[in-house]
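Before any comments, here is the structure.
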Amino acid sequence: MKMFKIADHAITVANADAELKRYASLVIGLKNTEDSVVKYIQHLWSNRYGFKSDSDTKNILNLRLM
């Protein structure tokens with residue numbers, strides 16, 4: 001909860017705890033089991049960096065996480 005209060009962008013999925021959603025700046029997807037977070041990251045990166053495919057995003061995610 002504390003990170004949500006201080007984050008510039010606090011994002012959660014729709015089936016998150018009601019108290020957590022209260023602090024969210026954006027609610028995405030329907031459930032945490034629908035890859036909503038990955039889809040949101042892909043959407044952001046495709047708009048920002050021009051990535052078009054899942055493999056582009058997966059390659060960048062792998063580089064960032066290593």
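Quickly run through segment 1-15 and pick out the residues that are open to solvent by less than 70 Å² (accessible area, probe 1.4 Å) and farther than 16 Å from K39 by Cβ. Correct list: F4, A7, A10.
Kindly provide the set of residues from segment 12-33 that are part of a helix (DSSP H, G or I) and acidic (D, E), ordered by number. If you could, list the steps in order and put the result at the bottom.
In the first step, residues of segment 12-33 are kept if they are part of a helix (DSSP H, G or I); the result is 18-23, 32-33.
If the condition is that a residue be part of a helix (DSSP H, G or I) and acidic (D, E), then E19 is the only one that fits.
The values are calculated or read from the model by the stated rules, or taken from the named source; none is laboratory data. On a predicted model such as this, the values are computed, not experimentally measured, just so you know. A quick note on method: Cβ atoms are made from the backbone with ideal geometry, for glycine too, and the neighbour counts reach across all protein chains shown. Surface accessibility is based on the protein's heavy atoms, side chains included, excluding ligands, DNA and RNA. Shrake-Rupley method; radii C 1.70, N 1.55, O 1.52, S 1.80 Å.
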